[in-house]
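The values are calculated or read from the model by the stated rules, or taken from the named source; none is laboratory data. Model, not experiment: these values are computed from the prediction. No Cβ is skipped: glycine too gets one built from the backbone with ideal geometry, and neighbour counts run over all protein chains shown.
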Amino acid sequence: MSDLAESARHTSLQLRFWLPLARLFAKPLLAVLGPVRNIGSYRVPRTGPVLILSNHLADIDPVVVQAKCPRPLHFMAKSELFEMPLLGRIQRSFGSFPVVRGTPDRAALKLAAQLLESGELVCLFPEGQLSEDGKLQEIKAGVALIIRMIPGIPVLCCGLTGTNRIIPYGSVIPRPAWGGVKITWGEPRTFEKSSTTEEILAWISGQFRDLTDEPLGKGEMTRAER
């Protein structure tokens, strides 16, 4: 077994061990901080690989997406989080893996592909950063590369609304949102290896707009719309 395959297998085993305990903690926490409405999670395929894509409003987004997803998720997260000893250990325990932002991080892309080929669910935030104003941002082209690496896998978008009321931009302290928080799941779609970057990015951008009822932020069009 290659080092990459062994790493994927190890993160999967860790995730399955820790996730049930985390759900016990997250359920009452999100009930108090949200509550969070979960719309359409039945659309997540119950077996096989799925690439989940989400918009990104707050640091609590991964907790919300995982808590409301019916299956375990592996998150691709910014490498800076893994440089903090305790936080990095926690991230890895829950199946997350680092990506160096702003670069073609081949190791992260290969690990994502390995996990998907093993039948796992991988989640990433294709905007690449938190939204300062809550508006949708440009979709980074790297997500199209991952999708084309494994043609035919289901790709499913989820739209987050109001999570920045729990942790506002620039804050690290959660607070009750008193409602208005929800996650809406779209319909899965597959792409072929021949699918263009423009086609993929336009679909993701459209999904996010439909699922959040938010326009793109000023000047933040996808490359397909420029």
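Cys123 meets all of the listed conditions (1) touching a Lys or Arg at 6+ places or on another chain (Cβ under 9 Å); (2) assigned to a strand (DSSP E or B) but one, namely (1). Can you tell me which residues in segment 52-103 are part of a loop (DSSP other than H, G, I, E, B), in contact (Cβ under 8 Å) with a residue 40 or more places away in the chain and more than 30 Å from Asp213 (Cα to Cα)? Result: Phe94, Gly95.
Taking the stated definitions as given, is Leu130 under 22 Å from Cys158 (Cβ atoms), in a helix (DSSP H, G or I) and among the aliphatic types (A, V, I, L, M)?
On the way: under 22 Å from Cys158 (Cβ atoms): yes; in a helix (DSSP H, G or I): no; among the aliphatic types (A, V, I, L, M): yes.
Against the criterion (under 22 Å from Cys158 (Cβ atoms), in a helix (DSSP H, G or I) and among the aliphatic types (A, V, I, L, M)), Leu130 does not qualify.
Could you tell me whether Val63 is crowded, with 19+ Cβ neighbours inside 10 Å, in contact with a Lys or Arg (Cβ under 8 Å, 6 or more places away or on another chain), modelled with pLDDT under 95 and not acidic (Asp, Glu)? Spell out the reasoning first.
Working: crowded, with 19+ Cβ neighbours inside 10 Å: yes; in contact with a Lys or Arg (Cβ under 8 Å, 6 or more places away or on another chain): no; modelled with pLDDT under 95: yes; not acidic (Asp, Glu): yes.
It is false that Val63 is crowded, with 19+ Cβ neighbours inside 10 Å, in contact with a Lys or Arg (Cβ under 8 Å, 6 or more places away or on another chain), modelled with pLDDT under 95 and not acidic (Asp, Glu).
Taking the criterion of being among the aliphatic types (A, V, I, L, M), within 19 Å of Thr197 (Cα to Cα), modelled with pLDDT under 95 and surrounded by fewer than 21 Cβ atoms within 10 Å (Cβ to Cβ), would at least one residue in segment 103-120 satisfy it? Yes - at least one qualifying residue is present in segment 103-120. Cys157 meets the conditions (1) closer than 19 Å to Leu116 by Cβ; (2) in contact with a helix residue (DSSP H, G or I) (Cβ under 6 Å, 6 or more places away or on another chain); (3) part of a loop (DSSP other than H, G, I, E, B) in every case but one. The failed one is (3).
Here the condition is being farther than 18 Å from Ala177 by Cβ, surrounded by 15 or more Cβ atoms within 10 Å (Cβ to Cβ) and in contact with an Asp or Glu (Cβ under 7 Å, 6 or more places away or on another chain); of His56, His74, it holds for His74 alone.
Among the criteria (1) aliphatic (A, V, I, L, M); (2) in a helix (DSSP H, G or I); (3) within 18 Å of Ser54 (Cα to Cα); (4) in contact with a helix residue (DSSP H, G or I) (Cβ under 7 Å, 6 or more places away or on another chain), the one Leu111 does not fulfil is (3).
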